[in-house]
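Visitor: Handing you this structure, nothing more for now.
The numbers here are math on the coordinates, done by the rules we state, and not lab data. Not measured: the values here are computed from a predicted model. Neighbour counts run over all protein chains shown; Cβ positions are idealised from the backbone, glycine included.
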Amino acid sequence: MLGTKGRMTQIFDEKGDVHAATIVTAGPLTVTQVKDVTKDGYVAAQIGFGEKKEKNMTAPLKGHLKDLGMFRHLREFVPEGEVKRGDTIDISVFAPGDVVTVSAISKGKGFQGVVKRHGFHGGPRSHGQKNKERAPGSIGGGGRAGGRVVKGMRMAGRMGGDRITVKNLKVLQVDLASNTLVISGAVPGRPGTLVEIRG
């Protein structure tokens, strides 16, 4: 299932316990193409999600989607049952209590130092330390790695904007009327991020 991340909220269960939760607007999805082994070399179903203006679509995509509507996102997955072009998939495939896996692109945080990016503790704040509290420290040297910086050395750099997958999240509520799922815990990304939900 594809959806867009919304805001976070709190949900109280039957026992009165509170759970942090994320509201996700999911589906409905439309099957835009069914791929098979003979023609495409593999089995998959292409699905479309979200609306997009026709004037902003490329000509090949307009022809590909001409009788189904214009979609902002196209993704492929391996179907469990028999599907055909034009089928619609909604959130009725989920039920409260289902355990799901959620993937999305995390928030971009720009260029960050080693303390924020990798959890370095930094240097001591005493004994005349000046302007070096958040410095990375030694990155190699003559004896350690032949006088070079080894690959994979944790350093400052661009942080965030990665595909993050969070497992074992629970579906708390399913609202078919508004196409919303309430999922326990935090989901990667900012509000509006495209989210993939797998059962």
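Visitor: For residue 51, work out the one condition from (1) within 26 Å of the chain's Cα centre (by Cα); (2) over 28 Å from residue 101 (Cα atoms); (3) not aliphatic (A, V, I, L, M) it doesn't fulfil.
Guide: (2)
Visitor: Now, a different point. Would you call residue 177 over 15 Å from residue 102 (Cα atoms) and loosely packed, with under 12 Cβ neighbours inside 10 Å?
Guide: Details: over 15 Å from residue 102 (Cα atoms): yes; loosely packed, with under 12 Cβ neighbours inside 10 Å: yes.
Yes.
Visitor: To continue, here is another question. Among the residues of region 58-95, which ones are loosely packed, with under 13 Cβ neighbours inside 10 Å and aliphatic (A, V, I, L, M)?
Guide: Passing the criteria: 59, 78, 95.
Visitor: Out of all the residues in region 183-198, is one or more under 21 Å from residue 49 (Cβ atoms) and either in contact with a helix residue (DSSP H, G or I) (Cβ under 7 Å, 6 or more places away or on another chain) or small (Gly, Ala, Ser) (or both)?
Guide: First, pick out the residues of region 183-198 that are under 21 Å from residue 49 (Cβ atoms): 183, 187-198.
In the following step, the residues that additionally are either in contact with a helix residue (DSSP H, G or I) (Cβ under 7 Å, 6 or more places away or on another chain) or small (Gly, Ala, Ser) (or both) were identified as 189, 192.
Yes, because at least one residue in region 183-198 is under 21 Å from residue 49 (Cβ atoms) and either in contact with a helix residue (DSSP H, G or I) (Cβ under 7 Å, 6 or more places away or on another chain) or small (Gly, Ala, Ser) (or both).
Visitor: Tell me, which residue of region 96-134 that is within 21 Å of the chain's Cα centre (by Cα) and among the aliphatic types (A, V, I, L, M) is surrounded by the fewest Cβ atoms within 10 Å (Cβ to Cβ)?
Guide: Selected residue: 99.
Visitor: Looking only at region 22-48, filter to residues that are assigned to a strand (DSSP E or B) and within 16 Å of the chain's Cα centre (by Cα); which one of those is surrounded by the fewest Cβ atoms within 10 Å (Cβ to Cβ)?
Guide: Going through region 22-48, the residues assigned to a strand (DSSP E or B) turn out to be 22-26, 29-35, 44-48.
After this cut, where a residue has to be within 16 Å of the chain's Cα centre (by Cα) as well, the list is 22-26.
On the way: 22: 23, 23: 22, 24: 26, 25: 17, 26: 24.
Of everything passing the filter in region 22-48, 25 is surrounded by the fewest Cβ atoms within 10 Å (Cβ to Cβ).
Visitor: Just checking, how many residues over region 135-152 are surrounded by 11 or more Cβ atoms within 10 Å (Cβ to Cβ) and closer than 20 Å to residue 115 by Cα?
Guide: Selection size over region 135-152: 5.
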